Amino acid sequence: MKIAFIVDPLHRLKAYKDSSVAMMRAAVARGHEVFAIGRESLGARDGRIFASAVALQITHDDHDWHRAGPAEQYDLTAFDAILMRQDPPFDAEYVAATWLLERASRQGARVYNDPRAIRDHSEKVSIVEFPQHTPTTLVARHAGDIQAFIDELGDTILKPLDGMGGSGIFRVRADDPNRNAIIETLTAFGTRTIMAQQYLPAISEGDKRVLLIGGEVMPYSLARIPMAGETRGNLAAGGRGVAMPLTDAERAVAEALAPTLWARGLLIVGLDMIGGRLTEINVTSPTCMVEIAQQTGFDIAARVIEALEKQG
């Protein structure tokens, strides 16, 4: 198979922990050809969708992990599978890329995650479809609604809808003297919608990343455990990653969601859970595969390639 990865610039990928690199290595190990595409090269001409791609030779040296051939222009249907792994922000250019990739899919290209599903699944707001599995949650931008939510629950988490890596997340208690300023900042004085959730004390045990691959629930999570005195477990915010077998509660939620999400073309999904409650559904470029493999020996990246082979 010819497998193309739409990724951030190759020199920015940290091979020692990057899930996309792990998938590239798994693909090569199974005899497939690997290509890299920069999102900015996507375009359309006379109805056909094209991109500039480079063939990659992949090594196991994390400091010198690839060799890239010359860039060539390809019709996207020339690839057997295309993995959209561009990191957020989910801005207008990201949306434009999903439009082009959706058109390529209709022309026969196999794109994962499905471009329309990525566009339709806000990684924050998508959880409102599954309220039975989530903490008490509010999505709003009016200060009065958010203030009432904080007063009702007493201890909450506020976060922007377009953040990643723990950026812009605040824990706000009812007696917090800064709550007005935090709400004004996050909502830009009522012009931006945010998410508020019930604070879950189980965060001390980790913000768990549970991975779904092709509708199958992977048996291990990565618990992102916050530093002392920190609310956020995100690795980018200094959290410590510890691989753990799924709890019964985590597996029940994952098994409930997996068929629905896979039916929408979401090959790789990262569910975020705290205390067995669903807090986010990550579909743009879910990670944590490398840490789980290093700590347990369970190779989730290889499972992704196997799932692509089954689709072929």
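The values are calculated or read from the model by the stated rules, or taken from the named source; none is laboratory data. Computed from a predicted structure; not experimentally measured. Heads up, the Cβs are rebuilt from the backbone with ideal geometry, glycines too, and the neighbour counts pull from every protein chain shown.
Identify, by number, the condition in (1) over 24 Å from the mean Cα position of the chain (by Cα); (2) touching a residue at least 24 places away in the same chain (Cβ under 8 Å) that Glu72 doesn't meet.
(2)
Looking at the stretch 254-269, which of its residues are free of Cβ contacts under 8 Å to residues at least 12 places away in the same chain and under 14 Å from the mean Cα position of the chain (by Cα)?
none
Could you list, in sequence order, all residues of the stretch 117-162 that are of a type in the set (Ser, Thr, Tyr), part of a loop (DSSP other than H, G, I, E, B) and under 30 Å from Met84 (Cβ atoms)?
Those that are of a type in the set (Ser, Thr, Tyr), part of a loop (DSSP other than H, G, I, E, B) and under 30 Å from Met84 (Cβ atoms): Ser122, Thr134.
Hey, could you check the stretch 280-304 for residues that are among the β-branched types (Val, Ile, Thr) and within 13 Å of the chain's Cα centre (by Cα) and say which is farthest from Lys14 (Cα to Cα)?
Restricting to residues being among the β-branched types (Val, Ile, Thr) and within 13 Å of the chain's Cα centre (by Cα), the top hit is Ile281.
What are the residues in the stretch 233-258 that are buried (at least 22 other Cβ atoms within 10 Å of the Cβ), at pLDDT 95 or above and either part of a loop (DSSP other than H, G, I, E, B) or of a type in the set (Val, Ile, Thr) (or both), if any?
Val253
Quick one: Glu184 ticks every box in (1) part of a strand (DSSP E or B); (2) touching a residue at least 40 places away in the same chain (Cβ under 8 Å); (3) in contact with a helix residue (DSSP H, G or I) (Cβ under 8 Å, 6 or more places away or on another chain) except a single one, so which number is it?
If we test Glu184 against (1) part of a strand (DSSP E or B); (2) touching a residue at least 40 places away in the same chain (Cβ under 8 Å); (3) in contact with a helix residue (DSSP H, G or I) (Cβ under 8 Å, 6 or more places away or on another chain), just (1) comes out false.
Conditions tested, residue by residue: (1) of a type in the set (S, T, N, Q); (2) touching an Asp or Glu at 6+ places or on another chain (Cβ under 8 Å); (3) modelled with pLDDT of 95 or more.
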site: Val54; (1), (2), (3): no, yes, yes
site: Gln57; (1), (2), (3): yes, no, yes
site: Asp64; (1), (2), (3): no, no, yes
site: Arg67; (1), (2), (3): no, no, yes
site: Ala71; (1), (2), (3): no, no, yes
site: Leu76; (1), (2), (3): no, no, yes
site: Ile82; (1), (2), (3): no, no, yes
site: Asp87; (1), (2), (3): no, yes, no
site: Tyr94; (1), (2), (3): no, no, no
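Which residue is nearest to Met273 (Cα to Cα), if the candidates are limited to the stretch 92-119 and must be free of Cβ contacts under 8 Å to residues at least 12 places away in the same chain and not aliphatic (A, V, I, L, M)?
Ser105
Hey, Asp272 hits all of (1) charged (D, E, K, R); (2) in a helix (DSSP H, G or I); (3) in contact (Cβ under 8 Å) with a residue 40 or more places away in the chain but one; which does it fall short on?
Tallying (1) charged (D, E, K, R); (2) in a helix (DSSP H, G or I); (3) in contact (Cβ under 8 Å) with a residue 40 or more places away in the chain, Asp272 fails exactly one: (2).
Report, by residue number, each residue of the stretch 259-276 that is within 10 Å of Lys208 (Cα to Cα) and crowded, with 18+ Cβ neighbours inside 10 Å.
Hits for the stretch 259-276 are Gly270, Leu271, Asp272, Met273, Ile274, Gly275.
Could you tell me whether the stretch 294-308 includes any residue that is modelled with pLDDT of 95 or more, over 19 Å from Val34 (Cα atoms), in contact with a Leu (Cβ under 9 Å, 6 or more places away or on another chain) and β-branched (Val, Ile, Thr)?
no
Can you work out which of the residues in the stretch 1-40 that are among the small types (Gly, Ala, Ser) and assigned to a loop (DSSP other than H, G, I, E, B) is surrounded by the most Cβ atoms within 10 Å (Cβ to Cβ)?
Once the filter is applied, the top-ranked residue is Ala15.
Here is a check on your reading of the model: is Leu267 among the hydrophobic types (A, V, I, L, M, F, W, C) and in contact with a Phe, Trp or Tyr (Cβ under 9 Å, 6 or more places away or on another chain)?
yes
For the stretch 188-232, name all the residues that are of a type in the set (S, T, N, Q) and at pLDDT below 95. First the steps, then the outcome.
The initial filter retains those residues of the stretch 188-232 that are of a type in the set (S, T, N, Q), namely 191, 193, 197-198, 204, 221, 231.
Matches in the stretch 188-232: Ser204, Thr231.
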